[in-house]
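Structure first, commentary second.
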Protein chains: 2
Amino acid sequence: MNRKRITILGATGSIGKSALDIVARHPERYRVVGLAAGRDDAALAELALRFAPEQVALGDAAAAERLARRLGNKGPRVLGGAAGVSVLAAAPADLVICGIVGAAGLMSTFAAVEAGNAIALANKESMVSAGALLVAAAQASGARIFPIDSEHSAIFQCLEAGRREDLDHIVLTASGGPFRATPLEALRHVTPEQAARHPNWDMGAKVTVDSATMMNKGLEVIEARWLFDLTPERIRVRVHPQSIVHSMVAFRDGSVIAQMGTPDMRPPIAYAMSYPERLPTGVAAPDFAKLGPLTFEEPDTTRFPCLELAFAATRACGTLPCVLNAANEVAVAAFLAGRIGFMQIPETVARTMAAHTVRPLTDLAGVLEADAWARAHAARLIGEQPARMGAG
Amino acid sequence: MNRKRITILGATGSIGKSALDIVARHPERYRVVGLAAGRDDAALAELALRFAPEQVALGDAAAAERLARRLGNKGPRVLGGAAGVSVLAAAPADLVICGIVGAAGLMSTFAAVEAGNAIALANKESMVSAGALLVAAAQASGARIFPIDSEHSAIFQCLEAGRREDLDHIVLTASGGPFRATPLEALRHVTPEQAARHPNWDMGAKVTVDSATMMNKGLEVIEARWLFDLTPERIRVRVHPQSIVHSMVAFRDGSVIAQMGTPDMRPPIAYAMSYPERLPTGVAAPDFAKLGPLTFEEPDTTRFPCLELAFAATRACGTLPCVLNAANEVAVAAFLAGRIGFMQIPETVARTMAAHTVRPLTDLAGVLEADAWARAHAARLIGEQPARMGAG
C-alpha cells in the first residue's frame, strides 16, 4: 500500500499535534511530506527530525532562517514567509491539514485547494469569511474538503448513512459554554477569567470566549452552510451540555443519524486522514451506561445574540460573514484585555454588521478588504465608548 | 422508473399495514404483486381490491376458499394453505416483506430466500431458531436480508456510515419494559395485565411480555448475531427507557453512530423498502429540544435473567436458540393464562435449556424437532409444578 502523503500547516499547534499523533500510530499508512508553522523554529526542527518531511516552512521569515541553520544542509528544504507556507501547501500531497488560524491560514488553505490538494480544514476563517470562494476553488481544481472540527466531522459522517437528496436538516450541537444557565444581568459582569474556562474541551482563549458567547456555534453554522451546501433554514442548533452527541443529521424519512463520542480531537482528525476507513485513534467509544443523561435545549438568543447574528450573516452572505468574524475577533480581544464587557462583544459585532454595506464576494482581495474595514470599524466603536468599558 | 414489485406476507397484521401505508404514499415506486395472511379472508379481499396484486394466499385453506369466492373470476390468483403461502413467497418479487409470526412465517421466509428474493424480515423465528440456515440459504441464492424491526434497522443504517471491518461493537438499546425499576421480590407478583402494558410501543401481548422479561432483547441479540455476522462479545445491550436512540454502532476509531427517531414502525419498514434511498414516511424527526433527557443503563440480569439466557444460547449456538425461543413461547402463554408467575418464565426457559442436548443445525426438520421437544419439555415443567403456579 502506498503511504498517504500528508502536509501539515500549523504543525506545532493542537491540530498539528493530534494529526502527528495519528501519523505516529500508523507509520505504515502515512508519510509526512511538509510541515509548516508560524515562528517556533525549535519545535518545528524537532518535528522535522522526527518525521523527515521533504519541506518545512515558517511564516516568520527570520524564524525560517534560524530553522535552516538548525537543520543544516542534510535537512529538508526550508521555506520562509507567508509565500513560503503557501508554496509548501501547494506542493503535491494526498492531504493537506489546514490547522493555521487567522489570515495566514486563509492564504495557505487557498494555495492548497487551488493546487488541487485535498484538505482537512480546521482554519475557520477560510469557510467563514470566504466560503463561496473556497468552494468555487475546490470545484474548479477538484480538491476535496474534509472538515475536522468535531461538529462538522459528525455531520460529514452522518451524511454517509444516507443520500444527500434525502436530507431534511442538520442539528449542530453546542455545549452552551460556561454561562449556559447564567442570567442576562450577570452575563454583563462576566470576567475574562470566567469566560476562558470551557467545561468539556481544552481550547485557546479566543475560541473559549467564542464558546461562551456562542459565536463559536455561529461560525460553525456559516461553515456548515458552505461545507454541506445548505440553506440556513436547514441548519438547527441545539444546546447539548454533555458534548457526547457531536452533531446529527435528520433525513426525510424521520430518521436521525447522530455521531457521538468522548470529546477528543483525534477521532475527527483521523477520520479526515483515513476516510472512508476508520483507524484506531487511542480513543475508546464511551460506555453509555457510565454517562449521565444526555440533554438538549434550544439556544437562548436573548442571552446569546451571536448565534442569531451569524444566521443573519449567512442569510445575507457576500462580505457580511467576513465582517462578523473580523468584528468578533476585535471585540473578543478587547474583552480579554478588560476593555469591554461580555455583552458588548455581540453589541460590537451587531453594530459593525449594521454599518456595513454588503457586497458580493468575488476574490480574496475583497475578503481582506472587508476584514480590514470591519476591524477598523469595530475598534473605533470600542474606542468611542469609554463610558461602557471595563469588564466587571 | 420501474416500480418495485412487493410481496407482503402477513398483509393484515401490523407490519403489513405499515408496509401498505408506505406503498399507498408512493404508488409511483411500488407495485404489490402478492399478499398473504393467515385466515382473515374479508380483510385480505379488501386489500386485494385496493392494491390489485397478481396473487393472494391464506394459510388457512378453508379461508382461502372463501377468499376465492369473494374475489371471483376476475380477481388475482388465490392460493391456500402453508404451501400456497410459500408458493406466493417464492414468486418473483423485488422485495418480500416477511411479517408472518411463528412457524408459518419460518416456512414462507425460507421459501422467499431460497427463490433468491430479497426479504425484509420481521419474522423473529427465522433468525432466532434457524439463523445459520437462513444466512446460508441467502448466501446460496444471493437473496439480500433487510431487517425491519427498529433496533436492527438502526444497526443496519449506522453500519452505512462506516466499513464493516472497522466495526468494534454494536449497542442494542432496550426500553427496559414496564418493570425496569421493579424490585425482584415484586416481580414475582406481576400480573399478566401489568406485563401487557408497554411504555413506548403498541404491540401484541406476547411481544409485550417479552419486553417485560427482556427476552425480546435477548431474541434480538440472537438475530443481530446472524444479521450482522457478529460474535456475542461484540453485542452490548443498554437500557434506554425513552426509546429515541433505536440502536448504535461503535467503530474502532472511538466514534459511535446512532440512529434515532420517534418510536414508529413505518420508518424502518420504509427503509427496507427504499434502501439506499429514504422516503417521506409521514413521521417527522424529533425536535431534541422538546425531548426529555436521554438515559442509558446496564441491564440488570438478576431481575431479567432472560437476556443472559439468550446470550448463553447464542454462544452455544446449534439448536439451543430454537429451544430458548420455544420454551419461552410456552412459558409466556402459561403466564398470560395465569398458570405461572412472572419469574417462572425465565426459570422455565433456563430449565428447558439445561435439559437440552445441543445439536448442530443442519436442516429445517432439525429446527422443527428441537422446537417441538422444547415445547413439550417446557409444558411438562409447568405441569409438574402445581405448588408454584398462579400469577399473583
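The values are calculated or read from the model by the stated rules, or taken from the named source; none is laboratory data. These numbers come from a predicted model, not from an experiment. Positions of Cβ are backbone-derived with ideal geometry, glycine not excepted, and every protein chain shown enters the neighbour counts. These accessible areas exclude ligands, DNA and RNA; they are computed on the full protein's heavy atoms, side chains included. Shrake-Rupley method; radii C 1.70, N 1.55, O 1.52, S 1.80 Å.
Within the protein assembly as shown, DSSP assigns beta bridges of which about 35% are antiparallel (rounded to the nearest 5). Centre-to-centre, using Cα atoms only, segment B:87-106 and segment B:283-297 are separated by 35 Å.
Solvent-accessible area per residue in segment B:76-197 equals 34 Å², computed with a 1.4 angstrom probe and all protein chains kept. Rounded to the nearest 0.05, the FRET efficiency derived from the C-beta distance between B:Asp264 and B:Thr301 at R0 = 35 Å is 0.75. In the full protein assembly as shown, how much of A:Glu223 is accessible to a 1.4 Å probe, in Å² to the nearest 10? Estimated to the nearest 10 Å², A:Glu223 gives 10 Å².
Sorted into 5 angstrom bins from 0, the C-alpha pair distances of segment B:317-392 split as 3, 20, 29, 21, 13, 8, 5, 1, 0 percent.
About the Cα centre, and with charges only on the beta carbon of Lys, Arg (+1) and Asp, Glu (-1), how big is the dipole of segment B:317-392? Nearest 20 debye, please.
220
Counting only protein heavy atoms and a 1.4 Å probe, tell me what percentage of segment B:268-354's accessible area is made up of carbon and sulfur.
55
Only protein heavy atoms count here; under a 1.4 Å probe, B:Trp226 has an accessible surface of about 40 Å².
Could you compute how much accessible area chains B and A hide from each other, both sides summed, with a 1.4 Å probe? Nearest 100 Å² is fine.
Counting protein atoms only, the buried area is about 3800 Å².
Charge dipole (Cα centre; +1 on Lys/Arg Cβ, -1 on Asp/Glu Cβ; no other charges) of segment B:4-147 amounts to roughly 340 debye. The other copies place their B:Gly102 label points at 7.6 nm from this one, listed shortest first, where each point is 7 Å from Cα along Cα→Cβ. Note on A:Gln194 and B:Arg50: with the Förster distance fixed at 56 Å, the Cβ-Cβ geometry gives a FRET efficiency of about 0.30.
Secondary-structure-derived ellipticity at 222 nm for the protein assembly as shown, considering helices only, amounts to -14500 deg cm²/dmol, per-run term -39500 (n - 2.57) for DSSP H runs with n ≥ 4.
Summarising the strand pairing of segment B:44-181, around 0 percent of its internal DSSP beta bridges are antiparallel.
Rounded to two decimals, the Cα radius of gyration of segment B:54-138 over 2.2 N^0.38 Å is 1.12. Summing Cβ point charges (Lys, Arg +1; Asp, Glu -1) relative to the Cα centre of chain A gives a dipole of roughly 700 debye. Can you tell which of A:Ala378, A:Ala355, A:Ala154 shows the greatest fluctuation in a Gaussian network model of chain A with Cα springs below 10 Å? Largest GNM mean-square fluctuation: A:Ala355. Cα-based radius of gyration for segment A:3-114, normalised by 2.2 N^0.38 Å, reads 0.93. Diffusion coefficient (Stokes-Einstein, Kirkwood radius over C-alpha pairs, 20 °C, 1.002 mPa s) for segment B:265-369: 124 µm²/s, rounded to a whole number. Between copies, B:Pro280 shows label-point distances of 4.8 nm, shortest first, with the point placed 7 angstrom from Cα along Cα to C-beta. Peptide B:292-300 has a mean shielding of 5, counted as Cβ atoms of other protein chains within 10 Å of each residue's Cβ. Spatially, segment A:166-186 and segment B:143-184 are offset by 29 Å when compared through their Cα centroids. Over segment A:317-392, accessible surface divided per residue gives 40 Å², non-protein components excluded, 1.4 Å probe.
Report the semi-axes of the equivalent ellipsoid for chain A in whole Å, largest first, where each axis is √(5λ) for an eigenvalue λ of the Cα gyration tensor.
On the way: eigenvalues 205, 138, 86 Å².
Semi-axes from the Cα gyration tensor: 32, 26, 21 Å.
Secondary structure note: in chain B, about 30% of the DSSP beta bridges are antiparallel.
Please arrange A:Arg3, A:Arg197 by accessible surface area, largest first, computed with a 1.4 Å probe and ligands excluded.
Putting A:Arg3, A:Arg197 in descending order of accessible area: A:Arg197, A:Arg3.
Take A:Pro293, move 7 Å from Cα toward the beta carbon, and the resulting point lies 0.4 nm from the same point in each other copy, nearest first. With 28 Å as the limit, write out which pairs from A:Lys290/B:Lys290; B:Lys4/B:Lys124; A:Lys17/A:Lys124; B:Lys17/B:Lys124; B:Lys17/B:Lys217 have Cα-Cα distances beyond it, or answer none. As for pairs spanning more than 28 Å Cα to Cα, there are none. Out of every Cα pair in the protein assembly as shown, what percent are spaced more than 44 Å from each other? Value for the protein assembly as shown (Cα pairs over 44 Å): 37 percent. Think of segment B:4-147 as having a plus end and a minus end, set by charges on the Cβ of Lys, Arg, Asp and Glu; of B:Gly34, B:Ile119, B:Phe146, B:Gly34 sits farthest toward the positive end of this dipole. Pairs of Cα atoms nearer than 8 Å and 6+ residues apart set the relative contact order; for chain B it is 14 percent. Given a Förster distance of 22 angstrom, what is the FRET efficiency for B:Ala376 paired with B:Ala337, based on the Cβ-Cβ distance and rounded to 0.05? That gives a FRET efficiency of 0.80.
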